[in-house]
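Working notes, structure below.
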Amino acid sequence: MDEELERDERVFLMGEEVAQYDGAYKVSRGLWKKYGDKRIIDTPITEMGFAGIAVGSAMAGLRPICEFMTFNFSMQAIDQIINSAAKTYYMSAGLQSVPIVFRGPNGHSAGVAAQHSQCFAAWYGHCPGLKVLSPWSAEDAKGLLKAAIRDDNPVVFLENELLYGVAFEVSEEAQSKDFVVPIGKAKVERQGTRITLVSHSRYVGHCLDAAAVLAKEGIECEVINLRSIRPLDMETIESSVAKTNHLVTVEGGWPQFGVGAEICARIMEGPAFNYLDAPVIRVTGVDIPMPYAKILEDNSVPQIKDIIFSVKKSLNI
């Protein structure tokens, strides 16, 4: 954000506690002191209000970054995101773009129960007019956020609270101010030949951990990091399935009408279906509101053992 604020004076950040408090998760640390009240703006607790201000400013030629303290609170602003931001470019016949980024933590954290634990990847991925990104690594987060800020369309940028404190190796290339990850392109994080694992956000790490365990048993998993939920890079997934003949999708959200369900449907409708040697298996969150008790929470979201079990089931081992 700092690099893009410096690069383009039309970019500004607004949200709850983003300025004087340095952000609820310290993501905007130091930005208020550097850029001041005009470009780093603390808002009242009124998502519908400040999301509307942000959308209006985008229509007027600015490039706002609108932070939700958690995407669960974006439900308060759903009319602004869908009806005002997502549909305007189409309804204006391409005359009025809305270059805005809605960002904040998405999915479950730890011990925050039902009203603060939803994954909104499928919710926003359903809506034409939006681009929806879900980074896993530090390189994903930097490159995709820069791409989102520079994009002329509304972008929903789904971060993960539990990844804020995780350190990743960052390449020399990614440290450049010109480093941008293209929107709509998945990344193969691990090459494999026996089975394809497709995931996004925090669960890419779970898939890599599961793949490391399975490799010791001679099962080489190919792990795909989606990065982008909408547009969805089916070409990368199909190429992998053509090679491995097996597919498992992994996500933290609910199973019904989820990201994995969409991938299953597209695989069935497309050329990769003929390469499958077994049905696609989905590993998802459990179909209930998130419980508060830790042991119930742990059993409500995918664990590494669940991925390993599903891989073996697909391979009939």
Subset of the range 142-151 [in a helix (DSSP H, G or I) and open to solvent by less than 30 Å² (accessible area, probe 1.4 Å)]
Gly143, Leu144, Leu145, Lys146, Ala147, Ala148, Ile149
Cβ pairs under 8 Å, 6+ apart or interchain, first in the range 97-108 and in a loop (DSSP other than H, G, I, E, B), second of a type in the set (Lys, Arg), ordered by first then second residue, are Pro99/Arg63; Ile100/Arg63; Gly107/Arg202
Residues of the range 84-140 being more than 19 Å from the chain's Cα centre (by Cα), among the hydroxyl-bearing types (Ser, Thr, Tyr) and buried (at least 17 other Cβ atoms within 10 Å of the Cβ), in sequence order, are Ser84, Thr88, Tyr89
State whether one or more residues within the range 283-299 are more than 19 Å from Gln115 (Cα to Cα), of a type in the set (Lys, Arg) and touching a residue at least 12 places away in the same chain (Cβ under 8 Å).
no
Scanning the range 118-141 residue by residue, those under 23 Å from Val55 (Cα atoms) and part of a helix (DSSP H, G or I) turn out to be Ala121, Ala122, Trp123, Tyr124, Gly125, Ala141
State which residue is farthest from the chain's Cα centre (by Cα) when the search covers only the range 156-176 and only residues that are within 30 Å of Ile78 (Cβ to Cβ) and open to solvent by less than 40 Å² (accessible area, probe 1.4 Å).
Leu163
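Each row is one residue, and each column tells you yes or no for (1) touching a Leu at 6+ places or on another chain (Cβ under 8 Å); (2) more than 24 Å from Ser134 (Cα to Cα).
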site	(1), (2)
Val250	yes, no
Arg266	yes, no
Glu269	no, yes
Val286	no, no
Lys294	no, yes
Lone qualifier among Tyr203, Tyr164 - being touching a strand residue (DSSP E or B) at 6+ places or on another chain (Cβ under 9 Å), outside the structural domain of Pro279 (by the TED database) and either under 29 Å from Lys312 (Cα atoms) or modelled with pLDDT of 95 or more (or both):
Tyr164
Failed condition for Ser314, given (1) farther than 22 Å from Ala114 by Cα; (2) open to solvent by 70 Å² or more (accessible area, probe 1.4 Å), with all others met?
(2)
State yes or no: is Tyr35 assigned by the TED database to the domain that holds Val98, in contact with a helix residue (DSSP H, G or I) (Cβ under 7 Å, 6 or more places away or on another chain) and aromatic (Phe, Trp, Tyr)?
yes
Strands (runs of 3 or more DSSP E) contained entirely in the range 218-275, each with at least 1 residues that are surrounded by fewer than 17 Cβ atoms within 10 Å (Cβ to Cβ) and touching a His at 6+ places or on another chain (Cβ under 9 Å):
none
Out of all the residues in the range 279-298, which are open to solvent by 50 Å² or more (accessible area, probe 1.4 Å) and within 28 Å of Gly192 (Cβ to Cβ)?
Pro279, Arg282, Val286, Asp298
From Ala85, Ala93, residue being in a helix (DSSP H, G or I) and modelled with pLDDT of 95 or more:
Ala85
Taking the condition farther than 18 Å from Gly15 by Cβ, touching a helix residue (DSSP H, G or I) at 6+ places or on another chain (Cβ under 9 Å) and modelled with pLDDT under 95, does Ala121 pass?
no
Could you look through the range 190-217, keep only residues that are in a loop (DSSP other than H, G, I, E, B) and basic (Lys, Arg), and pick out the one that is least open to solvent (accessible area, probe 1.4 Å)?
Arg202
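Going through the range 25-52 one residue at a time, which ones are under 22 Å from Ser109 (Cα atoms), open to solvent by 20 Å² or more (accessible area, probe 1.4 Å) and of a type in the set (D, E, K, R)?
Within the range 25-52, Lys26, Arg29 qualify.
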From the list Asp8, Asp22, pick out the single residue that is in the same structural domain as Glu161 (by the TED database), touching a Ser or Thr at 6+ places or on another chain (Cβ under 9 Å), surrounded by fewer than 20 Cβ atoms within 10 Å (Cβ to Cβ) and not small (Gly, Ala, Ser).
Asp22
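The values are calculated or read from the model by the stated rules, or taken from the named source; none is laboratory data. Quick caveat: nothing in here was measured; it's all calculated off a predicted structure. Neighbour counts are summed over all protein chains in view; Cβ atoms, including those assigned to glycine, are modelled from backbone coordinates with ideal geometry. In case anyone asks, the SASA skips ligands and DNA or RNA and just uses the protein heavy atoms, side chains included. Shrake-Rupley method; radii C 1.70, N 1.55, O 1.52, S 1.80 Å.
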